[in-house]
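Report on one structure; see the data block that follows.
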Amino acid sequence: MMDNATDTVTLTGLAHKGDAMAEIDGETIYVDGGAPGDVVSLNMQGARPRIVAVHEPSPHRVEPPCPQAGQCGGCTLQHVSDGFVAEWKREQVISALAHRGIEAEVTPTITVPPRSRRRATFAARRSNAGVVIGFHEKASSHIVDVSPCLLVEPAIIEGLPALAQLLEPGLTRRGEARVSVTTSTNGLDVAVEMPGKTLDCALLSHLSEAGQAAGLARLTWNNEPVAEWRPPVIEFDGLACVPPAGGFLQAVAQAEDALRARVIEAVTARKRVRRVVDLFSGCGAFTLPLARLAKVDAFDSDAAAIAALDKATRHLQGLKPIRADKRDLFRRPVFAMDLKDYDVAVIDPPRAGGLAQCEQLAKSKVPVVAAVSCNPATFARDARVLIDGGYRLGAVTPVDQFRWSPHVELVAVFERS
(Lines give C-alpha, C1' and ligand atoms only; values in the text may rest on other atoms or scores of the structure.)
Protein backbone atom coordinates (compact mmCIF):
# COMPACT_ATOMS: atom_id res chain seq x y z
CA MET A 1 0.00 0.00 0.00
CA MET A 2 1.35 3.43 -0.91
CA ASP A 3 2.05 6.09 1.68
CA ASN A 4 0.45 8.99 -0.16
CA ALA A 5 -2.02 9.10 -3.06
CA THR A 6 -2.82 6.06 -5.15
CA ASP A 7 -3.78 6.37 -8.81
CA THR A 8 -7.09 5.42 -10.39
CA VAL A 9 -8.60 3.23 -7.73
CA THR A 10 -12.14 2.10 -8.55
CA LEU A 11 -14.57 1.93 -5.65
CA THR A 12 -16.54 -1.28 -5.91
CA GLY A 13 -19.44 -1.16 -3.47
CA LEU A 14 -20.84 0.03 -0.15
CA ALA A 15 -20.12 -1.73 3.14
CA HIS A 16 -22.87 -2.15 5.71
CA LYS A 17 -21.99 1.16 7.42
CA GLY A 18 -22.22 3.08 4.15
CA ASP A 19 -18.49 3.36 3.42
CA ALA A 20 -17.32 2.74 -0.13
CA MET A 21 -14.92 -0.17 -0.66
CA ALA A 22 -11.89 -0.84 -2.83
CA GLU A 23 -9.19 -3.48 -3.16
CA ILE A 24 -5.56 -2.36 -2.93
CA ASP A 25 -2.76 -4.95 -2.89
CA GLY A 26 -5.26 -7.65 -1.92
CA GLU A 27 -6.58 -5.67 1.02
CA THR A 28 -10.11 -4.26 1.34
CA ILE A 29 -10.14 -0.61 2.33
CA TYR A 30 -13.10 1.55 3.37
CA VAL A 31 -13.52 5.11 2.15
CA ASP A 32 -15.89 7.78 3.45
CA GLY A 33 -17.76 9.80 0.85
CA GLY A 34 -17.30 7.45 -2.09
CA ALA A 35 -19.87 6.01 -4.48
CA PRO A 36 -19.65 2.57 -6.09
CA GLY A 37 -18.06 3.02 -9.51
CA ASP A 38 -16.09 6.15 -8.64
CA VAL A 39 -12.54 6.24 -9.99
CA VAL A 40 -10.57 8.17 -7.39
CA SER A 41 -7.19 9.05 -5.97
CA LEU A 42 -6.78 8.33 -2.28
CA ASN A 43 -4.52 9.74 0.40
CA MET A 44 -3.52 6.74 2.47
CA GLN A 45 -2.01 8.68 5.37
CA GLY A 46 -3.88 8.97 8.64
CA ALA A 47 -6.37 6.65 10.27
CA ARG A 48 -8.46 6.16 7.12
CA PRO A 49 -7.99 6.61 3.38
CA ARG A 50 -9.30 9.91 2.09
CA ILE A 51 -10.48 10.86 -1.40
CA VAL A 52 -8.33 13.63 -2.84
CA ALA A 53 -9.72 13.57 -6.39
CA VAL A 54 -12.62 11.99 -8.27
CA HIS A 55 -11.38 11.30 -11.80
CA GLU A 56 -14.50 9.52 -13.08
CA PRO A 57 -17.65 9.94 -11.01
CA SER A 58 -19.90 6.95 -10.59
CA PRO A 59 -23.28 7.02 -12.37
CA HIS A 60 -24.71 6.69 -8.86
CA ARG A 61 -22.95 9.82 -7.57
CA VAL A 62 -25.17 12.89 -7.19
CA GLU A 63 -24.77 16.43 -5.89
CA PRO A 64 -25.70 16.34 -2.19
CA PRO A 65 -28.94 18.32 -1.68
CA CYS A 66 -27.73 19.78 1.63
CA PRO A 67 -24.90 22.36 1.64
CA GLN A 68 -23.59 20.89 4.92
CA ALA A 69 -23.38 17.33 3.57
CA GLY A 70 -19.59 17.18 3.45
CA GLN A 71 -19.21 18.48 6.98
CA CYS A 72 -22.20 17.41 9.06
CA GLY A 73 -22.19 13.90 10.51
CA GLY A 74 -25.97 13.63 10.44
CA CYS A 75 -25.96 12.13 6.92
CA THR A 76 -23.48 9.80 5.26
CA LEU A 77 -25.08 8.96 1.90
CA GLN A 78 -26.39 12.19 0.37
CA HIS A 79 -23.81 11.88 -2.41
CA VAL A 80 -25.35 8.60 -3.61
CA SER A 81 -28.58 8.49 -5.60
CA ASP A 82 -31.78 7.66 -3.76
CA GLY A 83 -32.53 4.79 -6.12
CA PHE A 84 -29.16 3.16 -5.49
CA VAL A 85 -29.47 3.58 -1.71
CA ALA A 86 -32.98 2.08 -1.70
CA GLU A 87 -31.78 -1.00 -3.60
CA TRP A 88 -28.63 -1.24 -1.46
CA LYS A 89 -30.76 -1.30 1.70
CA ARG A 90 -32.91 -4.02 0.17
CA GLU A 91 -29.75 -5.99 -0.58
CA GLN A 92 -28.60 -5.56 3.02
CA VAL A 93 -31.74 -7.39 4.12
CA ILE A 94 -31.26 -10.11 1.49
CA SER A 95 -27.64 -10.57 2.58
CA ALA A 96 -28.50 -10.79 6.27
CA LEU A 97 -31.12 -13.45 5.55
CA ALA A 98 -28.77 -15.40 3.27
CA HIS A 99 -26.16 -15.42 6.04
CA ARG A 100 -28.66 -17.46 8.07
CA GLY A 101 -29.56 -19.68 5.12
CA ILE A 102 -32.93 -17.99 4.53
CA GLU A 103 -34.44 -17.23 1.13
CA ALA A 104 -37.42 -14.88 1.06
CA GLU A 105 -39.09 -12.32 -1.13
CA VAL A 106 -37.74 -8.89 -0.22
CA THR A 107 -39.90 -6.14 -1.69
CA PRO A 108 -38.64 -2.74 -2.87
CA THR A 109 -37.64 -0.36 -0.10
CA ILE A 110 -40.16 2.20 1.12
CA THR A 111 -38.30 5.52 1.50
CA VAL A 112 -39.61 8.35 3.65
CA PRO A 113 -39.64 11.91 2.26
CA PRO A 114 -37.14 14.61 3.25
CA ARG A 115 -37.86 16.81 6.29
CA SER A 116 -39.98 14.07 7.86
CA ARG A 117 -38.13 13.20 11.09
CA ARG A 118 -40.40 14.12 13.99
CA ARG A 119 -37.70 13.34 16.52
CA ALA A 120 -34.01 14.19 16.55
CA THR A 121 -31.26 14.47 19.17
CA PHE A 122 -28.90 17.43 18.93
CA ALA A 123 -25.71 18.42 20.71
CA ALA A 124 -25.42 21.84 22.38
CA ARG A 125 -22.44 23.77 23.77
CA ARG A 126 -21.72 27.23 25.11
CA SER A 127 -19.18 29.35 23.30
CA ASN A 128 -18.03 32.96 23.39
CA ALA A 129 -20.56 33.68 20.67
CA GLY A 130 -23.43 32.06 22.57
CA VAL A 131 -24.97 28.60 22.33
CA VAL A 132 -24.42 26.43 19.28
CA ILE A 133 -26.89 23.60 18.75
CA GLY A 134 -26.80 21.06 15.94
CA PHE A 135 -25.24 17.76 14.86
CA HIS A 136 -21.61 16.80 15.31
CA GLU A 137 -19.21 17.17 12.43
CA LYS A 138 -18.01 13.85 11.04
CA ALA A 139 -15.51 12.23 13.44
CA SER A 140 -15.35 15.39 15.53
CA SER A 141 -16.78 17.03 18.64
CA HIS A 142 -17.36 20.23 16.64
CA ILE A 143 -21.05 21.06 16.26
CA VAL A 144 -22.40 22.00 12.83
CA ASP A 145 -25.18 24.50 12.26
CA VAL A 146 -28.16 22.55 10.93
CA SER A 147 -30.47 25.40 9.94
CA PRO A 148 -30.74 24.07 6.35
CA CYS A 149 -31.35 20.47 7.56
CA LEU A 150 -33.28 18.23 5.16
CA LEU A 151 -33.82 15.45 7.70
CA VAL A 152 -36.10 16.85 10.38
CA GLU A 153 -39.51 18.47 10.30
CA PRO A 154 -39.35 22.23 9.77
CA ALA A 155 -40.99 22.91 13.16
CA ILE A 156 -37.90 21.49 14.87
CA ILE A 157 -35.45 23.63 12.91
CA GLU A 158 -37.60 26.71 13.48
CA GLY A 159 -37.53 26.03 17.22
CA LEU A 160 -33.75 25.70 17.59
CA PRO A 161 -32.93 29.42 18.07
CA ALA A 162 -35.35 29.65 21.00
CA LEU A 163 -33.93 26.43 22.44
CA ALA A 164 -30.41 27.86 22.24
CA GLN A 165 -31.50 30.84 24.34
CA LEU A 166 -33.33 28.56 26.76
CA LEU A 167 -30.29 26.33 27.24
CA GLU A 168 -27.60 28.97 27.79
CA PRO A 169 -27.82 29.33 31.61
CA GLY A 170 -27.85 25.55 32.03
CA LEU A 171 -24.75 24.81 29.95
CA THR A 172 -21.23 24.72 31.30
CA ARG A 173 -18.20 25.91 29.32
CA ARG A 174 -16.74 22.42 29.13
CA GLY A 175 -19.86 20.30 29.04
CA GLU A 176 -22.08 19.27 26.18
CA ALA A 177 -25.81 18.71 26.37
CA ARG A 178 -27.92 16.16 24.50
CA VAL A 179 -31.18 17.73 23.45
CA SER A 180 -33.95 15.43 22.22
CA VAL A 181 -36.67 17.29 20.35
CA THR A 182 -39.97 15.75 19.23
CA THR A 183 -42.84 17.36 17.38
CA SER A 184 -46.26 16.76 18.88
CA THR A 185 -49.73 18.02 18.07
CA ASN A 186 -49.31 20.66 20.80
CA GLY A 187 -45.77 21.87 20.18
CA LEU A 188 -42.23 20.66 20.74
CA ASP A 189 -41.47 18.09 23.43
CA VAL A 190 -37.90 18.70 24.65
CA ALA A 191 -35.75 16.50 26.91
CA VAL A 192 -32.30 17.81 27.91
CA GLU A 193 -29.44 15.77 29.35
CA MET A 194 -26.69 17.95 30.83
CA PRO A 195 -24.31 15.99 33.10
CA GLY A 196 -23.20 17.86 36.19
CA LYS A 197 -25.85 20.59 36.02
CA THR A 198 -28.60 20.08 38.57
CA LEU A 199 -32.01 21.65 38.30
CA ASP A 200 -31.76 24.28 41.06
CA CYS A 201 -34.36 26.97 41.75
CA ALA A 202 -32.74 29.63 39.57
CA LEU A 203 -32.38 27.29 36.58
CA LEU A 204 -35.91 25.93 37.05
CA SER A 205 -37.32 29.46 37.04
CA HIS A 206 -35.42 30.39 33.87
CA LEU A 207 -36.37 27.21 32.04
CA SER A 208 -40.02 27.57 32.98
CA GLU A 209 -40.21 31.13 31.67
CA ALA A 210 -38.15 30.47 28.54
CA GLY A 211 -39.97 27.23 27.72
CA GLN A 212 -43.34 28.93 27.95
CA ALA A 213 -42.13 31.83 25.82
CA ALA A 214 -40.85 29.35 23.21
CA GLY A 215 -44.26 27.69 23.03
CA LEU A 216 -42.99 24.26 24.12
CA ALA A 217 -45.43 21.54 25.05
CA ARG A 218 -43.16 19.88 27.64
CA LEU A 219 -39.62 20.28 28.98
CA THR A 220 -37.52 17.93 31.11
CA TRP A 221 -33.98 18.38 32.44
CA ASN A 222 -31.88 15.32 33.32
CA ASN A 223 -35.10 13.29 33.54
CA GLU A 224 -36.64 15.80 35.97
CA PRO A 225 -39.83 17.53 34.83
CA VAL A 226 -39.58 21.29 34.37
CA ALA A 227 -43.09 21.93 33.08
CA GLU A 228 -45.83 20.55 30.86
CA TRP A 229 -47.69 23.49 29.38
CA ARG A 230 -49.76 21.28 27.08
CA PRO A 231 -49.77 17.50 26.71
CA PRO A 232 -47.31 16.52 23.92
CA VAL A 233 -49.76 14.28 22.08
CA ILE A 234 -48.60 11.81 19.44
CA GLU A 235 -51.23 10.12 17.29
CA PHE A 236 -50.94 6.47 16.33
CA ASP A 237 -53.27 6.09 13.34
CA GLY A 238 -55.46 8.85 14.79
CA LEU A 239 -55.37 7.53 18.38
CA ALA A 240 -53.85 9.96 20.88
CA CYS A 241 -51.11 9.07 23.34
CA VAL A 242 -48.71 11.15 25.43
CA PRO A 243 -45.38 9.27 25.34
CA PRO A 244 -42.93 9.51 28.24
CA ALA A 245 -40.31 12.23 28.01
CA GLY A 246 -37.36 10.92 26.02
CA GLY A 247 -39.06 7.54 25.52
CA PHE A 248 -38.88 5.41 22.38
CA LEU A 249 -40.82 6.59 19.37
CA GLN A 250 -40.48 5.74 15.70
CA ALA A 251 -38.54 8.66 14.25
CA VAL A 252 -40.78 9.23 11.21
CA ALA A 253 -44.57 9.06 11.26
CA GLN A 254 -44.72 7.90 7.61
CA ALA A 255 -42.35 5.02 8.39
CA GLU A 256 -44.44 4.05 11.39
CA ASP A 257 -47.54 4.12 9.18
CA ALA A 258 -45.89 1.78 6.65
CA LEU A 259 -44.81 -0.67 9.34
CA ARG A 260 -48.21 -0.59 11.04
CA ALA A 261 -50.08 -1.09 7.75
CA ARG A 262 -48.24 -4.39 7.19
CA VAL A 263 -48.89 -5.50 10.77
CA ILE A 264 -52.60 -4.71 10.52
CA GLU A 265 -52.75 -6.48 7.16
CA ALA A 266 -51.44 -9.61 8.87
CA VAL A 267 -54.31 -9.40 11.36
CA THR A 268 -57.11 -8.61 8.92
CA ALA A 269 -55.96 -11.39 6.57
CA ARG A 270 -57.21 -13.93 9.10
CA LYS A 271 -60.90 -14.77 9.22
CA ARG A 272 -61.16 -14.38 12.96
CA VAL A 273 -58.78 -12.72 15.39
CA ARG A 274 -59.86 -12.43 19.00
CA ARG A 275 -56.60 -11.84 20.87
CA VAL A 276 -53.27 -10.27 19.92
CA VAL A 277 -50.08 -10.04 21.95
CA ASP A 278 -47.83 -7.02 21.34
CA LEU A 279 -44.27 -7.78 22.47
CA PHE A 280 -41.92 -4.81 23.03
CA SER A 281 -44.98 -2.61 22.68
CA GLY A 282 -43.53 0.74 23.73
CA CYS A 283 -46.35 3.19 24.36
CA GLY A 284 -48.70 1.64 21.83
CA ALA A 285 -47.88 2.47 18.20
CA PHE A 286 -49.25 -0.95 17.24
CA THR A 287 -51.26 -1.79 20.35
CA LEU A 288 -53.79 1.04 20.11
CA PRO A 289 -54.72 0.63 16.40
CA LEU A 290 -54.82 -3.17 16.79
CA ALA A 291 -57.33 -2.77 19.63
CA ARG A 292 -59.86 -1.64 17.05
CA LEU A 293 -59.76 -5.23 15.80
CA ALA A 294 -59.11 -7.47 18.81
CA LYS A 295 -58.23 -7.65 22.48
CA VAL A 296 -54.55 -6.80 22.92
CA ASP A 297 -52.08 -7.70 25.67
CA ALA A 298 -49.01 -5.45 25.55
CA PHE A 299 -45.64 -6.07 27.21
CA ASP A 300 -42.60 -3.81 27.51
CA SER A 301 -39.77 -3.33 30.00
CA ASP A 302 -40.16 0.46 30.03
CA ALA A 303 -42.46 1.27 32.95
CA ALA A 304 -43.04 4.83 31.74
CA ALA A 305 -44.09 3.61 28.28
CA ILE A 306 -46.49 1.08 29.78
CA ALA A 307 -47.95 3.77 32.04
CA ALA A 308 -48.42 6.05 29.00
CA LEU A 309 -50.15 3.27 27.09
CA ASP A 310 -52.38 2.44 30.05
CA LYS A 311 -53.35 6.11 30.42
CA ALA A 312 -54.12 6.40 26.71
CA THR A 313 -56.49 3.41 26.83
CA ARG A 314 -58.51 5.13 29.56
CA HIS A 315 -59.12 8.18 27.37
CA LEU A 316 -59.97 6.47 24.07
CA GLN A 317 -63.34 5.22 22.93
CA GLY A 318 -64.32 2.35 20.65
CA LEU A 319 -61.38 0.04 21.41
CA LYS A 320 -61.47 -3.56 22.56
CA PRO A 321 -59.86 -4.32 25.94
CA ILE A 322 -56.13 -3.62 26.32
CA ARG A 323 -53.92 -5.00 29.08
CA ALA A 324 -50.52 -3.30 29.42
CA ASP A 325 -47.87 -4.98 31.61
CA LYS A 326 -44.27 -4.11 32.45
CA ARG A 327 -42.08 -7.12 31.65
CA ASP A 328 -38.46 -7.60 30.68
CA LEU A 329 -38.82 -9.82 27.63
CA PHE A 330 -35.07 -10.45 27.47
CA ARG A 331 -34.93 -11.99 30.94
CA ARG A 332 -38.53 -13.14 31.25
CA PRO A 333 -40.15 -13.69 27.86
CA VAL A 334 -43.79 -14.62 27.56
CA PHE A 335 -43.57 -18.41 27.61
CA ALA A 336 -44.99 -20.70 24.95
CA MET A 337 -47.63 -22.11 27.29
CA ASP A 338 -48.91 -18.57 27.94
CA LEU A 339 -49.11 -17.79 24.21
CA LYS A 340 -51.61 -20.53 23.41
CA ASP A 341 -54.69 -18.29 23.31
CA TYR A 342 -53.30 -15.66 20.93
CA ASP A 343 -54.20 -15.55 17.25
CA VAL A 344 -51.42 -13.09 16.29
CA ALA A 345 -48.18 -12.03 17.95
CA VAL A 346 -46.52 -8.70 17.12
CA ILE A 347 -42.85 -8.29 18.03
CA ASP A 348 -40.82 -5.09 17.64
CA PRO A 349 -37.59 -5.47 19.66
CA PRO A 350 -34.68 -3.03 19.90
CA ARG A 351 -31.52 -3.47 17.82
CA ALA A 352 -30.39 -6.44 19.92
CA GLY A 353 -33.38 -8.39 18.63
CA GLY A 354 -35.73 -10.60 20.59
CA LEU A 355 -34.01 -13.97 20.64
CA ALA A 356 -35.36 -15.20 23.98
CA GLN A 357 -38.90 -14.24 23.04
CA CYS A 358 -38.60 -15.75 19.56
CA GLU A 359 -37.45 -19.01 21.09
CA GLN A 360 -40.73 -19.12 23.00
CA LEU A 361 -42.76 -18.14 19.94
CA ALA A 362 -41.06 -20.96 18.02
CA LYS A 363 -42.34 -23.41 20.67
CA SER A 364 -45.83 -21.91 20.65
CA LYS A 365 -48.84 -22.49 18.44
CA VAL A 366 -49.47 -18.84 17.60
CA PRO A 367 -50.65 -18.94 13.95
CA VAL A 368 -49.14 -15.62 12.84
CA VAL A 369 -46.16 -13.52 13.96
CA ALA A 370 -45.78 -9.99 12.60
CA ALA A 371 -42.18 -8.90 13.14
CA VAL A 372 -40.74 -5.39 12.98
CA SER A 373 -36.99 -4.80 13.24
CA CYS A 374 -34.41 -2.02 13.04
CA ASN A 375 -31.51 -4.46 12.53
CA PRO A 376 -31.48 -6.92 9.60
CA ALA A 377 -28.76 -9.04 11.25
CA THR A 378 -30.65 -9.73 14.48
CA PHE A 379 -33.90 -10.06 12.55
CA ALA A 380 -32.33 -12.80 10.41
CA ARG A 381 -31.01 -14.57 13.52
CA ASP A 382 -34.45 -14.52 15.14
CA ALA A 383 -36.15 -15.46 11.87
CA ARG A 384 -33.99 -18.57 11.70
CA VAL A 385 -35.32 -19.60 15.12
CA LEU A 386 -38.94 -19.09 14.04
CA ILE A 387 -38.44 -20.95 10.75
CA ASP A 388 -36.76 -23.85 12.53
CA GLY A 389 -39.75 -23.88 14.86
CA GLY A 390 -42.16 -24.41 11.98
CA TYR A 391 -42.97 -20.92 10.70
CA ARG A 392 -42.89 -19.87 7.06
CA LEU A 393 -41.51 -16.43 6.28
CA GLY A 394 -43.53 -14.32 3.85
CA ALA A 395 -42.46 -11.17 2.07
CA VAL A 396 -40.05 -8.85 3.89
CA THR A 397 -40.48 -5.10 3.38
CA PRO A 398 -37.52 -2.76 4.04
CA VAL A 399 -38.36 0.76 5.20
CA ASP A 400 -35.81 3.56 4.85
CA GLN A 401 -36.80 5.57 7.92
CA PHE A 402 -33.38 7.21 8.33
CA ARG A 403 -32.70 8.77 4.95
CA TRP A 404 -29.10 9.19 3.80
CA SER A 405 -27.85 6.83 6.51
CA PRO A 406 -26.97 3.11 6.47
CA HIS A 407 -29.82 2.20 8.85
CA VAL A 408 -32.77 0.17 7.61
CA GLU A 409 -36.03 -0.93 9.24
CA LEU A 410 -38.13 -3.83 8.06
CA VAL A 411 -41.41 -5.62 8.62
CA ALA A 412 -42.31 -9.22 7.84
CA VAL A 413 -44.95 -11.81 8.60
CA PHE A 414 -44.46 -15.44 9.64
CA GLU A 415 -47.21 -18.06 9.45
CA ARG A 416 -47.39 -21.54 10.90
CA SER A 417 -46.80 -24.10 8.14
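The values are calculated or read from the model by the stated rules, or taken from the named source; none is laboratory data. Bear in mind that the values here come from a model prediction, so they are computed numbers and not experimental data. Glycine gets a Cβ as well: all are built from the backbone with ideal geometry, and neighbour counts include every protein chain shown. To get the accessible areas, we keep the full protein, side chains included, count just its heavy atoms, and leave off ligands, DNA and RNA. Shrake-Rupley method; radii C 1.70, N 1.55, O 1.52, S 1.80 Å.
How large is the accessible surface per residue of segment 196-298, computed with a 1.4 Å probe and reported in Å² as a whole number?
Working: 4380 Å² over 103 residues.
Dividing the accessible area of segment 196-298 by its residue count gives 43 Å².
If Thr6, Thr313, Thr198 are ordered by their accessible area, calculated over protein heavy atoms with a 1.4 Å probe, which sequence runs from highest to lowest?
Details: Thr6 5, Thr313 35, Thr198 100 Å².
Order by accessible area, largest first: Thr198, Thr313, Thr6.
Working from the pairwise distances between different alpha carbons, so that the mean of 1/r is found and then inverted, what is segment 303-417's Kirkwood radius in Å?
Kirkwood radius, segment 303-417: 15.4 Å.
Could you state, as a whole-number percent, how many of the C-alpha pairs of segment 1-155 are farther apart than 22 Å?
Values: 6261 of 11935 pairs.
The calculated P(r) of segment 1-155 puts 52 percent of pairs beyond 22 Å.
Mind checking which lysines have their C-alpha under 17 Å from Lys138, skipping anything on the same chain fewer than 8 residues away?
Counting by Cα, and skipping residues close in sequence, Lys138 has these lysines nearby: Lys17.
By per-residue mean of other Cβ atoms within 10 Å, what is the highest-first order of 44-56, 157-169?
Numbers: 44-56: 13.6, 157-169: 18.0.
Taking the mean over residues of other Cβ atoms within 10 Å, the ranking is 157-169, 44-56.
Using the Cα centre of the chain as the reference point, and only Cβ charges (+1 on K/R, -1 on D/E), how large is the resulting charge dipole? Debye, rounded to the nearest 20.
Working: 46 positive and 49 negative charges, 337 e Å.
Roughly 1620 debye, rounded to the nearest 20.
Choose one of Ala123, Ala312, Ile156: the residue whose Cα lies farthest towards the positive end of the charge dipole of the chain (beta-carbon charges +1 Lys, Arg; -1 Asp, Glu; about the Cα centre).
Selected residue: Ala312.
State the dimensionless ratio Rg/Rh of segment 191-232 (Rg: radius of gyration of Cα atoms; Rh: Kirkwood radius).
Working: Rg = 9.8 Å, Rh = 10.4 Å.
On the Cα set of segment 191-232, Rg over Rh gives 0.94.
Restricting to the chain, what percent of DSSP beta bridges are antiparallel, rounded to 5? Provide the component values of the computation, followed by the final result.
Numbers: 60 of 86 bridges.
Of the beta bridges lying entirely in the chain, close to 70 percent run antiparallel.
For segment 19-69 and segment 340-389, what is the separation of their C-alpha centers, rounded to whole Å?
38 Å
For segment 21-130, what does the accessible surface come to per residue with a 1.4 Å probe? Please give it in Å².
Working: 5580 Å² over 110 residues.
Each residue of segment 21-130 exposes 51 Å² on average to a 1.4 Å probe.
How big is the dipole moment of segment 239-288 about its Cα centre under a simple scheme where the beta carbon of each Lys and Arg is +1, that of each Asp and Glu is -1, and everything else is neutral? Debye, nearest 20, please.
On the way: 7 positive and 4 negative charges, 91 e Å.
Rounded to the nearest 20 debye, it is 440 debye.
What does the charge count near Val372 come to, summing +1 for each Lys or Arg and -1 for each Asp or Glu among other residues with Cβ under 11 Å from its Cβ? Working shown, then result.
Details: positive: Arg260, Arg262; negative: Glu256, Asp278, Asp348, Glu409.
Within the 11 Å Cβ shell, the charges total -2.
What residue among Gly318, Gly389, Gly33 shows peak mean-square fluctuation when the chain is described by a Gaussian network model with Cα springs under 10 Å?
Gly318
Among all the aspartates and glutamates, which ones have a C-alpha under 17 Å from Lys340's C-alpha, if same-chain residues fewer than 8 places away are not counted?
Asp278, Asp297, Glu359, Glu415
Once you treat every alpha carbon in segment 187-296 as an equal point and sum by Debye, what is log10 I(q)/I(0) at q = 0.24 Å⁻¹?
-1.28
With both bridge residues required to lie in segment 325-417, what share of the DSSP beta bridges run antiparallel, to the nearest 5%? Intermediate values should be presented prior to the final figure.
Working: 13 of 17 bridges.
Bridges in segment 325-417 are about 75 percent antiparallel.
Consider all pairwise Cα distances in segment 243-324 and report the whole-number % of them above 14 Å. Each step should come with its number before you reach the end.
Working: 2018 of 3321 pairs.
Cα-Cα pairs in segment 243-324 separated by more than 14 Å: 61 percent.
On a straight-distance basis, which aspartates and glutamates could pair with Lys311 in a cross-link, Cα separation under 13 angstrom, same-chain partners fewer than 8 positions away excluded?
Within reach: Asp325.
Would you work out which of Gly215, Val263, Phe135 lies farthest towards the positive end of the dipole of the chain, given +1 charges on the beta-carbon of Lys and Arg and -1 on that of Asp and Glu, about the Cα centre?
Looking along the dipole axis, the top candidate is Val263.
Arrange the residues Met194, Met21, Met337 by how much accessible surface each exposes, largest first, with a 1.4 angstrom probe.
Numbers: Met194 0, Met21 50, Met337 140 Å².
Most to least solvent-accessible, the answer reads Met337, Met21, Met194.
Residue farthest toward the positive end of the dipole of the chain, with Cβ of Lys/Arg at +1 and Asp/Glu at -1: which of Gln360, Ile347, Gln45?
The residue sitting most towards the positive pole is Gln360.
Taking all pairs of different Cα atoms in segment 78-186, averaging 1/r and flipping that mean, what Kirkwood radius in angstroms comes out? Could the numbers behind the result be given before it?
Working: mean 1/r = 0.0600 Å⁻¹.
One over the average 1/r among Cα pairs gives 16.7 Å for segment 78-186.
Roll a 1.4 angstrom probe over the protein heavy atoms and tell me the percent of accessible area of segment 133-261 that is carbon or sulfur.
On the way: 2890 of 5630 Å².
Taking all protein chains in place, segment 133-261 shows 51 percent carbon and sulfur surface.
Ranked by accessible surface with a 1.4 Å probe, highest first, in what order do Cys201, Cys75 come? Before the final figure, lay out each step's value.
Numbers: Cys201 115, Cys75 20 Å².
Putting Cys201, Cys75 in descending order of accessible area: Cys201, Cys75.
Using every Cα-Cα pair within segment 1-69, state what percent have a distance larger than 16 Å.
Numbers: 1012 of 2346 pairs.
Pairs farther apart than 16 Å: 43 percent.
Helix by helix, which DSSP H runs in the chain go 24 Å or more along their axis at the Cα atoms and have an average Kyte-Doolittle hydropathy of -0.5 or more? Walk me through the numbers on the way to the answer.
Values: long enough: 82-99 (26 Å, -0.16).
Flagged H segments are 82-99.
Could you pull the Cα extents of the chain along its three principal axes, largest to smallest, in whole Å?
Largest first, the chain extends 66, 60, 33 Å along its Cα principal axes.
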